[in-house]
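Visitor: Below: one structure in C-alpha cells.
The values are calculated or read from the model by the stated rules, or taken from the named source; none is laboratory data. Model, not experiment: these values are computed from the prediction. Note that each Cβ is placed from the backbone with ideal geometry, even for glycine, and that neighbours are counted across all protein chains shown.
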Protein chains: 2
Amino acid sequence: MTLDFRHHPAVTLAEVAEAAGVGESTVSRVLRDHGSFSNKTRDRVMEAVERLGYVPNRIAGTLASAGSRLVAFVIPSLSNIVFPDVLRGASTVLEENQHQAVFSVTDYDPEREEALVAAMLAWRPTAVMLAGFEHSERTLKMLRASGCRVVELLDLDGTALDLAVGYSNRAAGRASAEFLLKRGYRRIGYVGHDLDRDTRAGKRFAGLSEALGAAGAPLTDREIHAGGSSVESGRLGLERLLARSRDLDAVYFSNDDMALGGYFHCLAHGISVPSQLAIFGYNGLDIGRVTPQPLSTIRTPRVATGRIAAELVVTNAPPQVVDLGFELVEGATA
Amino acid sequence: MTLDFRHHPAVTLAEVAEAAGVGESTVSRVLRDHGSFSNKTRDRVMEAVERLGYVPNRIAGTLASAGSRLVAFVIPSLSNIVFPDVLRGASTVLEENQHQAVFSVTDYDPEREEALVAAMLAWRPTAVMLAGFEHSERTLKMLRASGCRVVELLDLDGTALDLAVGYSNRAAGRASAEFLLKRGYRRIGYVGHDLDRDTRAGKRFAGLSEALGAAGAPLTDREIHAGGSSVESGRLGLERLLARSRDLDAVYFSNDDMALGGYFHCLAHGISVPSQLAIFGYNGLDIGRVTPQPLSTIRTPRVATGRIAAELVVTNAPPQVVDLGFELVEGATA
DNA sequence: CCAATTTTTGGCAGCGCTACCATTTTTTGT
DNA sequence: ACAAAAAATGGTAGCGCTGCCAAAAATTGG
C-alpha cells in the first residue's frame, strides 16, 4: 500500500533538456548559472523547468562533481539546550551558503558516536561537527582518513584534530570558584549530573575543585545525579545535598537547568538566596535573567559557537582553535 | 590552504574488491548482507574493508538503488523547545532504522519554508516533515509532485497532504478556557507572541476566545509580543497587560515559556498566584513541574509526535492522521 | 567581406555504487 | 558417478548529473 502509483518517476535533467530543445549540459549550466549561455536559452530552459516542475537531484550532482555541501552534526543530546543553540547558530550560516545540516544524537555514548560518525561519513559531508575532544580511537582514525573538515565544539581543554570552536570549561569552573571565594563563600557544595559522560561538565567540576582546593577551601560535599541534567534533578540534588550538609553557604550546579531546580527548591522551602545559600549555575540561559532574582552564572556563547564553526567550514578556513570565551554574570543568587 | 594534500581520494568499493580478490558485486553483497556468499569470502572482504578503512559512499549507493534513507525536517525554529523535542523523538527511531535526519529552520517564514523544501527535495528524501498545515501553494505543489512521504506535525486543524501527527491546538485552547471557567475565573486576559506567524499558537488563541465567548465571558484584554516566545517577553507582556487591565483574575499565555515569565513577574511583585491572578500555559515543560507552584498547563506529546512520525515513515504506513491528544495539568497556578 | 576571435552549445565519459543476469562452483539425491 | 538443484560469484549497464572538450554560432576588427 505505497503511494508510488500516484507518481511519475521524478523529472530528470535530460527531460528538461529535451523539453527545452537544448543539450543537457546547457540546462546544467543555466541552472547553476555557471559558464555562458544566451538569455533566450536561459528563458527556454527556465520555462521548461517551471513547466515540468523539475527539482535538481543533488545526489547525482554530488556524485558527479565534488562537495556534498552537507554538514554533519554528531551531538550528545537535544535535551540539553546547548546543542539546539549550537545548531541554531550554525543553521543560519549554512542556509545562507547553500549547505544542509544533518545530525544525529549520541546520548553521550562514545560507541554510538563512533557508529554515527561512520554513518555520517558515508554521505561524504563537507564537515563533521562534534562535541568536545574525547572520541574513540576508531572515531579519530575515521575522521582523519575521511578528508573532510572536522570541528570540535564547546571545549578548548584538549587537542584539536582540525578546527575547534568553543571556550574552556576548566577555566569556567575556576572562574566560578574564584567568584564564589571572592564573595566570601567558603563551604561550597556541588550538585551535578553524570560527569563521566558529559566530559565538559567534568572539566568544569575539575576546574572548580582545583581552584577551591588551591584557595584552601576545598569542596565541602557533592551530590551527583546519574542521568542527564534537568531542573528536576537539580532540585532533588540540592535537597539531598542539604540533607547531608546543612551548613553549606553556596552550591555550584553543573548548569543552569540544575541551578534553577536548586533555586526553586530554595524558593519553595523558604531558604533565602543568597544570604542563607548562594546558587551558581552555568550557561547563562535567558530564563535565568527573568527569575525573581537573576541567576548568577557563566554565560557561554553557544549560538556564536555554531555560527563561527559554520563560517569556518564554509570558508574552508585553515586549521585553528577559536576561543570564544565566556562571561561571568554576577546575578543576584550568589 | 586546504588540507586536501593530506589525503588520498577516498577508498572505493572497486579497490576493496581488488584487494580482497573478489568481484565488486560480491563486496557489495557482503557489505549489505544481501544475497549469498561464503563465510570465507565474507572474511576476506571484511579484512580488506578494515585494512583499507573503507567507508561506503551512500551518495553513490542511493543514486544506484533507491531510497536515500534521508528524512528532511523543515521546522520553524530551534528556540522553541517544541521542535528540538520533536527532533529528539524522531532521531531515536530514525537511527535505529538507519535513516538520517536533515533539517533546516524557516524562522516561521513561509517563503523560507518554500525555498528550504525545494532544497530538501533535491536530496530525494524518504520523507519531509513540516510543522502544521499552512504552506504556500508552491510548497504544496512541490511536495505533491516529489513522490516522497510528507508528514505534517503538531497540528490537526486542517487538511493533511499525506500523514499528520499531532494534536488539536484549537481544542487545547478550548480546553484551557473551559478549565479556567470551571475554576470560576471570568476576567481572563491573554499574553502571547506573534500569532500570524506561529499559526498553531493562533489556533489555540482562536479556540480560547471562542470558548470564552460562548460561555459569555469573552476575553477581557490581550497583549501580543511581536517576536517569538520567550520567558522574558512573557514577563514583560504580563506587566504591560496588568498596567492596562488591573482587575484580571486569570491570564492565558501562548506557551509555558511565556507563562513562566508571567509567573516570575508575579513572584517578584508579590502578586499572589492563583488567588490574585491565575496563570495558565501550554506545553507542559518539565520546568513547570518544579517551580515552587507547579504550572497549570496543557501537556503536549512532543517527543511522541516525533517518534510516531518517524515510525510511520520507516514503516511506510498508509496516509493517515494520528491524534496524540494532550493532557490538562491542573497544577497550582490556576 | 573574411579571418580571427569570442561566445554559445552539445556529446559523452565517468562519479561509485547496485540490480540484474549469466556463469561457475558446490551440494544434493539417486 | 551423474544429473539436477542450489549456492556463490563476476560482469556490466545504468542511476542523474557535471566536467571536459570539440564544434557551431555570433561577434569583432581591419
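Visitor: Would you mind stating whether B:ASP85 is under 30 Å from B:GLY284 (Cα atoms), more than 10 Å from chain A (Cβ to nearest Cβ) and either surrounded by 13 or more Cβ atoms within 10 Å (Cβ to Cβ) or within 12 Å of DNA strand D (Cβ to nearest atom) (or both)? Break it down stepwise before answering.
Guide: Details: under 30 Å from B:GLY284 (Cα atoms): yes; more than 10 Å from chain A (Cβ to nearest Cβ): no; either surrounded by 13 or more Cβ atoms within 10 Å (Cβ to Cβ) or within 12 Å of DNA strand D (Cβ to nearest atom) (or both): yes.
The answer is no for B:ASP85.
Visitor: Right, here's the next one. So, in the range A:88-117, of the ones that are facing chain B (nearest Cβ under 8 Å) and polar (S, T, N, Q), which residue ends up nearest to B:TRP123 (Cα to Cα)?
Guide: If we take residues in the range A:88-117 being facing chain B (nearest Cβ under 8 Å) and polar (S, T, N, Q), then A:GLN100 is nearest to B:TRP123 (Cα to Cα).
Visitor: Provide a single number: the residues in the range A:101-127 that are under 15 Å from the mean Cα position of the chain (by Cα) and surrounded by fewer than 22 Cβ atoms within 10 Å (Cβ to Cβ).
Guide: The number of residues fulfilling the criteria is 3.
Visitor: Kindly evaluate B:HIS34 against the criterion of being at pLDDT below 95, under 36 Å from the mean Cα position of the chain (by Cα) and within 11 Å of DNA strand C (Cβ to nearest atom).
Guide: Yes; evaluated as a whole, the condition is true for this residue.
Visitor: Hey, any hits in the range A:279-301 for a residue that's in contact (Cβ under 8 Å) with a residue 24 or more places away in the chain, more than 28 Å from the chain's Cα centre (by Cα) and more than 14 Å from chain B (Cβ to nearest Cβ)?
Guide: No.
Visitor: Further, regarding this structure: Please count how many residues of the range B:49-82 are facing chain A (nearest Cβ under 7 Å) and more than 26 Å from A:ILE59 (Cα to Cα). Write out each step before concluding.
Guide: Initially, the range B:49-82 is screened for residues facing chain A (nearest Cβ under 7 Å), giving B:53, B:55-60, B:62-63, B:68, B:78-79.
From what's left, more than 26 Å from A:ILE59 (Cα to Cα): B:78-79.
So the count comes out to 2.
Visitor: Next question. Is the range A:225-241 home to any residue that is touching a Lys or Arg at 6+ places or on another chain (Cβ under 6 Å), away from every other protein chain (no Cβ under 14 Å) and not charged (D, E, K, R)?
Guide: Within the range A:225-241, none of the residues are touching a Lys or Arg at 6+ places or on another chain (Cβ under 6 Å), away from every other protein chain (no Cβ under 14 Å) and not charged (D, E, K, R).
Visitor: If you don't mind, another one. Would you mention how many residues in the range A:34-45 are of a type outside the set (D, E, K, R) and either within 12 Å of another protein chain (Cβ to nearest Cβ) or more than 27 Å from B:ILE59 (Cβ to Cβ) (or both)? Write out each step before concluding.
Guide: The initial filter retains those residues of the range A:34-45 that are of a type outside the set (D, E, K, R), namely A:34-39, A:41, A:45.
Keeping just the survivors that are either within 12 Å of another protein chain (Cβ to nearest Cβ) or more than 27 Å from B:ILE59 (Cβ to Cβ) (or both) gives A:36-39, A:41.
Residues that pass the stated criteria total 5.
Visitor: Taking into account only those residues within the range B:147-183 that are closer than 17 Å to B:ARG307 by Cα and without any contact (Cβ under 8 Å) to a residue 40 or more places away in the chain, which is surrounded by the most Cβ atoms within 10 Å (Cβ to Cβ)?
Guide: Applying the filter and picking the extreme gives B:GLU152.
Visitor: Give the number of residues within the range A:129-145 that are in contact (Cβ under 8 Å) with a residue 24 or more places away in the chain and away from every other protein chain (no Cβ under 12 Å).
Guide: Filtering the range A:129-145 down to residues in contact (Cβ under 8 Å) with a residue 24 or more places away in the chain leaves A:129-136, A:138-139, A:142-143.
From the residues that got through so far, the ones that are away from every other protein chain (no Cβ under 12 Å) too are A:129-136, A:139.
Within the range A:129-145, residues that are in contact (Cβ under 8 Å) with a residue 24 or more places away in the chain and away from every other protein chain (no Cβ under 12 Å) number 9.
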